[in-house]
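The values are calculated or read from the model by the stated rules, or taken from the named source; none is laboratory data. For clarity, every value in this text was computed on a predicted model and none was experimentally measured. Here the Cβ positions follow ideal geometry from the backbone for every residue, glycine too, while neighbour counts run over all protein chains shown. All accessible areas refer to the heavy atoms of the entire protein, side chains included, with ligands and DNA or RNA removed. Shrake-Rupley method; radii C 1.70, N 1.55, O 1.52, S 1.80 Å.
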Amino acid sequence: MHDLVIRGGTIVDGSGATAFTGDIAIDAGRITAVGTVTAKGRDEIDAAGLVVAPGFVDIHTHYDGQATWDSEMAPSSWHGVTTVVMGNCGVGFAPAKPDKHQWLIGLMEGVEDIPGTALAEGMPWNWETFPEYLDALEQRARTIDVATHVPHGAVRAYVMGERGANNEAPTEHEIAQMSAIVEEGLRAGALGFSTSRTVLHKSIDGVLVPGTTATKEELIGIGRAVARAGHGVFEMASDLKREWDEFGWMGALSKETGLPVTFAMLQSIAKELPWEEQMAETARWNADGANIVAQIALRGTGILMAWRGTVHPFRFKPSWVAIENLPWEQQWAHVSDPAWKAQLLAEDNVYPESDVLPLLYAVALGFGLQYGMGEGFDYEPTQTETIEALAKAAGKPAAEYAYDLLSSDGGTGFIYFPILNYADGNLDFIKGLLERDDTVVSLSDGGAHCGTICDAASPTFLLQHWVKERTRGTISLEQAIKRQCHDTARLYGLDDRGLLRPGYLADINIIDMGAIKLGKPWLAFDLPAGGKRLLQRADGYMMTLKNGQVTFRDGVMTGALPGTLIRGPQANPAVAMAAE
């Protein structure tokens, strides 16, 4: 008698192998049989006509604060994710001296657009060192497993104080101190180290993230500390400035230590290297013995612009600035007033001082790059769906059309502005990247950019768009599942998940592929202190299981909380069983 048997499903096991019809037996939270299971289960699930796949592993999230107060871990958990890796991009909350709490909150708020008031009210701050932070994470049960990196920004500020926060150069002694803290964090259970080297990442006060201009000596010194711990991934977001020779030190570090070094690979105006050159350099160094992995997004990284969001085309108009801090009810009274609308549309934009002024111009005026979001929106839109084209067809000025679209449904309309990965007006280049071994599906930013994006829904987008609906070329279901399960798990040494095989964790999705579909995004104000976040649900997830327990049924949380903190790499169960 098994604890649970899933019967008659279409099994996509995560390996990339052809799907087959079969059963899965589960005992004590692990898979014990796959194929034909004759013994009965204490509980049984009829999966006939449904896809049975591993739980998704999302390696690029920012739940560092939310994980200390929340057990549901939405929105990622709504999209079949059963494991997340946090602490990316060099930002996090440990180590943290007591007088640096607010500074770290400001850093996260600026870089990842997570409301500072929510972080201040929600986090218990019952830690100082990184191992103590892991202990705090371990105290809470969740629907999913969580793991994390040691973040460069927090480490630099902890060791160097204001000098570290201001990106001054460290002494050799300070590099040694930072290295010791990182090694301690890895030995306590972190899965890697992360850093940020992009001018787009700034604190709420406009200051670059600590480590942005770090020398290769600092980065390699810390990388060697990761290697001394015996495991770990070196993760980086960078503008890839030619003068920094990022691939030079990444390749040298990986070759010397054997560590995987992974970077955010984007088609971006902020990167000096075009994406083709990024991938060529990755291939060149890997052919010479390095292990560099490009993290890729599945769609255009885009701002969802809304009246109540962080960004919209009218935020630089004096009339909006005058009301931007008022309660929504008062703002809406102005927005829905025809006289106020006419006044605002007649005004010139007044831009703040910024080193990304071209981006601000595009937000306010780039209606040929922005798309109207309606019901069933296609995240690979065409030029006929731009605000400019829609406005022309409607016989309106583009700005007025955008205003009316944002004001639809009581002011809950959205405009999609893909600022990254959409220079060609399509996602053709991503299809080729999905077929390469030196890339990994990533960059969902789950838990972050609360008022601008909701790419935590990327696993569902992978199934709906890339497998089912894309008119410019799809990928197979087997390949999609492998990319979001096996490949992401293996990069971080999580060899106990990502496959449906005996001995592996019973982290499982049961999916109706005929129904799989993204819902319409919305702004919720459910974070601590009423903080806002963009959310997006999905249809088609009949059940999600974590460690053999049903955590979500038809998209609704059941109350089961089998998820925990992951400490360090997890052994391949087949190897472990063979050694016994």
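Rolling a 1.4 angstrom probe over the range 1-134 with all protein chains present gives an accessible area of which 49% lies on carbon and sulfur atoms. Projecting the Cα positions of Thr384, Ile181, Gly451 onto the charge dipole of the chain (unit charges on Cβ atoms of Lys, Arg, Asp and Glu, taken about the Cα centre) puts Thr384 furthest along the positive direction. Dipole magnitude for the range 17-88: about 220 debye, using +1 per Lys or Arg Cβ and -1 per Asp or Glu Cβ, origin at the Cα centre. Loop-located GluC sites (Glu not before Pro) in the range 411-482 (DSSP state not H, G, I, E or B) with no more than 13 neighbouring Cβ atoms inside 10 Å: Glu435.
Under a model in which nothing but the beta-carbon of Lys, Arg (+1) and Asp, Glu (-1) is charged, the range 161-202 shows a dipole of about 240 debye around its Cα centre. Provide the per residue accessible area, probe 1.4 Å, for the range 85-171, rounded to a whole number of square angstrom. I get 30 Å² per residue for this part. The Kirkwood hydrodynamic radius of the range 60-153, based on inverse pair distances between different Cα atoms, is 13.3 Å. Simple point charges give the picture: +1 on the Cβ of Lys and Arg, -1 on the Cβ of Asp and Glu, and for the chain a dipole about the Cα centre of about 700 debye.
Give me the percent of accessible area attributable to carbon and sulfur for the range 191-242, probe 1.4 angstrom.
On the way: 860 of 1630 Å².
Looking at the range 191-242 in its full context, I get 53 percent from C and S.
Setting aside same-chain residues fewer than 8 positions from Lys216, which aspartates and glutamates have a Cα under 13 Å from its Cα? The reachable aspartates and glutamates, counting only those whose Cα sits under 13 Å from Lys216, are Glu172, Glu243, Asp245, Glu246.
Count charges around Thr117 for me, please; just the other residues with Cβ under 15 Å from its Cβ, Lys/Arg as +1, Asp/Glu as -1. With Lys, Arg at +1 and Asp, Glu at -1, the net is -3.
Percent relative contact order of the range 227-348, based on C-alpha pairs within less than 8 angstrom and at least six residues apart? Over the range 227-348, the number comes to 20 percent.
Ignoring ligands, DNA and RNA, what accessible area per residue does the range 449-580 give at 1.4 Å, in Å²?
Details: 4650 Å² over 132 residues.
Each residue of the range 449-580 exposes 35 Å² on average to a 1.4 Å probe.
Just to confirm a number: summing +1 for Lys and Arg and -1 for Asp and Glu over residues other than Pro318 whose beta-carbon lies under 10 angstrom from that of Pro318, what do you get? Walk me through the intermediate numbers first.
Values: positive: Lys317; negative: Glu347, Asp348.
Net charge around Pro318: -1.
Taking only the Cα atoms of the range 401-514, the radius of gyration and Dmax are 17.1, 56 Å.
For the range 307-412, what does the accessible surface come to per residue with a 1.4 Å probe? Please give it in Å².
Working: 5440 Å² over 106 residues.
Each residue of the range 307-412 exposes 51 Å² on average to a 1.4 Å probe.
Over the chain, what is the mean sequence separation of C-alpha contacts under 8 Å (at least six apart), divided by residue count, expressed as relative contact order in percent? Display every interim value, and only then the final one.
Working: 1312 pairs, mean separation 120.7, N = 580.
In percent, rounded to a whole number, it is 21.
Would you mind giving the three semi-axes, in whole Å and largest first, of the ellipsoid equivalent to the range 164-259 according to its Cα gyration tensor? Don't skip to the end; give the middle numbers.
Numbers: eigenvalues 89, 51, 32 Å².
Over the Cα atoms of the range 164-259, the ellipsoid semi-axes are 21, 16, 13 Å.
Over all pairs of different C-alpha atoms in the range 210-361, the reciprocal of the mean inverse distance, the Kirkwood hydrodynamic radius, equals 19.0 Å. Using alpha-carbon pairs under 8 Å, 6+ residues apart, how would you state the relative contact order of the range 322-446 in percent? Dividing the mean separation by the residue count of the range 322-446 yields 20 percent. Per-residue ellipticity at 222 nm computed for the chain from its helices equals -9000 deg cm²/dmol, with DSSP H segments shorter than 4 residues left out and the rest contributing -39,500 (n - 2.57). Put +1 on the Cβ of every Lys and Arg and -1 on every Asp and Glu Cβ in the chain; which of Gln343, His312, Gly514 then has its Cα farthest towards the positive end of the dipole? Most positive-ward Cα: Gly514. Positive end of the dipole of the chain (Cβ unit charges, origin at the Cα centre): among Pro210, Gly232, Leu253, the Cα lying farthest that way belongs to Gly232.
Within 10 Å, at most 14 other Cβ atoms, and a DSSP state outside H, G, I, E, B define an exposed site. Report the longest part of the chain free of exposed trypsin sites (Lys or Arg not before Pro). Longest stretch, sites excluded: 41-435.
Within the accessible surface of the range 408-498, defined with a 1.4 Å probe on protein heavy atoms only, the carbon and sulfur portion equals 44 percent. When the scattering of the chain is computed by the Debye formula from its Cα atoms alone, each counted once and equally, what is log10 I(q)/I(0) at q = 0.06, 0.08 Å⁻¹? Results for the chain at q = 0.06, 0.08 Å⁻¹ read -0.30, -0.53.
Out of all Cα-Cα pairs in the range 340-450, roughly what percent, to the nearest whole number, are more than 23 Å apart? Above the 23 Å cut-off, the range 340-450 has 41 percent of its Cα pairs.
Strictly over 28 Å apart at the Cα level, which of Lys341/Lys532; Lys396/Lys520; Lys202/Lys482 would you flag in this model? It would help to have the intermediate numbers written out before the result.
Numbers: Lys341/Lys532 25 Å; Lys396/Lys520 26 Å; Lys202/Lys482 35 Å.
Over 28 Å apart, Cα to Cα: Lys202/Lys482.
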